1. May I ask you to say which residue of Glu22, Glu6, Glu57 is surrounded by 13 or more Cβ atoms within 10 Å (Cβ to Cβ) and acidic (Asp, Glu)?
2. Does region 25-43 contain at least one residue that is in contact with a Ser or Thr (Cβ under 9 Å, 6 or more places away or on another chain) and closer than 20 Å to Ala101 by Cβ?
3. Does any residue in region 43-64 that is within 19 Å of Arg32 (Cβ to Cβ) come within less than 7 Å, Cβ to Cβ, of a residue that is surrounded by 11 or more Cβ atoms within 10 Å (Cβ to Cβ) and of a type in the set (Ser, Thr, Tyr) six or more places away or on a different chain, and which pairs are these?
4. Quick one: Tyr58 ticks every box in (1) part of a loop (DSSP other than H, G, I, E, B); (2) at pLDDT 75 or above bar one, so which box is it?
5. Residues of region 21-54 being modelled with pLDDT under 95 and part of a helix (DSSP H, G or I), which ones?
Amino acid sequence: MDLTREEALKLHREMWSDMQKEFGDCPTYGERRAFKRKWVGERFPKESVEANCFLCEYIGDLSCSCCLINWGRDGESGNSCEKAVGVGVDWRYSPISVILALPEREDV
């Protein structure tokens, strides 16, 4: 799937906003994972989206350190959306309101 930076960010926010509307601010990991798969599959049935994440799809084979969102791992190696011990925001468990409020990275 060929996305622009703006499209990737828009789809990321749209998917997470829709998830929040359906499950509230703190769905389980299983609910998040299933929702992402379903949401992407319904809207892009002929596309393969890396990890059902438009940010991952946008950066392709690059590392998480190139993610368009700052997941709060300042001072840690990488910029993973999966939380290091006590550091950053984790897509699997953090409140969706926190995920939606994360700042974009301009240096990518």
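The values are calculated or read from the model by the stated rules, or taken from the named source; none is laboratory data. Treat the numbers as computed from the prediction; the structure is a model and nothing was measured. Quick reminder, even Gly has a Cβ in these numbers, built from the backbone with ideal geometry, and neighbours come from all protein chains shown.
1. After applying the criteria, what remains is Glu57.
2. Yes, region 25-43 has at least one match.
3. Cys64/Ser80
4. Tyr58 satisfies all of (1) part of a loop (DSSP other than H, G, I, E, B); (2) at pLDDT 75 or above except (1).
5. The answer is Glu50, Ala51.
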